[in-house]
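Heads up: the structure comes next, in structure tokens.
Throughout, read-outs are computed from the coordinates displayed, never taken from laboratory work. None of the values given here were measured: they were computed from a predicted structure. A quick note on method: Cβ atoms are made from the backbone with ideal geometry, for glycine too, and the neighbour counts reach across all protein chains shown.
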Amino acid sequence: MAGSEWTDPRPLSPHLQIWKYHATMAASITHRATGIAMYFGSFLIAAWIISLAAGPEAYGFVETVIQHPLSNIVLFLWAVAVMFHLANGIKYLFWDGPKIGFSPKVASGVAVFNYIFAVAAAAGIFAAAALIG
Amino acid sequence: MTNKSTAIGSVRGLGAAKSGTEHFIHQRVSAIALAILVPWFIYAVIAATKSGFSGAEAFVAKPWNAILLILTFGAALYHMRLGVQTVIEDYIAKSGTRQALLILNTFAVFALMAGTILSVMKIWISAGA
């Protein structure tokens, strides 16, 4: 081996402490975090449908819990998590399938868009629910 | 970059780890299903919860709603199991704890599947649709 220059074109694994903070990395972490949050959220959705099958008494209890102001905050955060995971997940499908959106500029732009979309879509869902309900 | 794998290795396409390809594909196929089902599910939750117990029961008792609910629960819980399996494998290094959490993950997902799907079926069947 002559010289110390690294000529292998393969990308190097980044070191944790010098890993530059950027949008795609934040989106990746948020994707995982929202996924784990929804894991626990699924127990609540299960509680809703199981109480519906159990009868009016059980459903009435769950309904009172859902209508509590604190539950509205949880529901809104649930909607944000679902919308983020959905939008960001579709991004991954475009990466893995047709390999679209890999260039750093597009990838960063989409990552930022997903955050804005998640909050806007969750607000839209709540507005629609208020109109219907 | 030159391909250093043998001909049979390339055909099998399993890489050095020998497994994981199936997990990867299942994760994405369930994701495609959920990209369609989740927007519907959001609508379903709003439509089903707006008019109390009887309204929710009537919503779930409709055949299409019952079918889509079961598909959503099935795909979401399967996707969830695969995702959390990866998280556990990534972050829990201690073998015993890791195995215990992986088993717990499997049990939790199957319990949720049984509970949610059976509930939808009970509502649907008892409505006599």
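If you plug the beta carbon distance of A:F61 and A:Y92 into 1/(1 + (r/R0)^6) with R0 = 22 Å, you get a FRET efficiency near 0.05. Straight-line cross-link partners of B:K18 among the lysines, defined as a Cα under 28 Å from its Cα and at least 8 positions apart when in the same chain: A:K91, A:K99, B:K4, B:K94. The angle between the Cα long axis of helix B:95-126 and the main principal axis of chain B comes to about 30°, on a 0 to 90 degree scale. Computed from the Cβ-Cβ distance with R0 of 45 Å, the FRET efficiency linking B:S54 to B:R12 stands at 0.20.
Between 0 and 90 degrees, rounded to the nearest ten: what's the tilt of helix A:23-54 against the longest Cα principal axis of chain A? Helix A:23-54 sits at roughly 20 degrees to that axis. Counting only Cβ charges, +1 for Lys and Arg and -1 for Asp and Glu, the dipole size of the stretch B:47-129 around its Cα centre is about 80 debye. In the protein assembly as shown, the DSSP-assigned H stretches of four residues or longer account for a calculated mean residue ellipticity at 222 nm of -27500 deg cm²/dmol, using -39500 (n - 2.57) per stretch and the full residue count as denominator.
Our note on the geometry: Cα centres of the stretch B:1-70 and the stretch B:71-129, 13 Å apart.
Each of the peptides A:80-93, B:44-57, B:87-100, B:112-125 was scored by the mean count of other Cβ atoms within 10 Å over its residues; in descending order, highest first, they stand as A:80-93, B:112-125, B:44-57, B:87-100.
Here the calculated FRET efficiency for A:I73 and B:W40, from their Cβ-Cβ distance with R0 = 35 Å, stands at 0.90, rounded to the nearest 0.05.
One way to sum up the overall shape of the stretch A:28-109 is the equivalent ellipsoid from its Cα gyration tensor, whose semi-axes run 35, 13, 8 Å, largest first. Principal-axis analysis of the Cα atoms of chain A puts helix A:104-132 at an angle of about 10° to the longest axis. Distance between the pseudo-spin-label points of A:F40 and A:Y21 (7 Å out from Cα toward the beta carbon): 2.4 nm.
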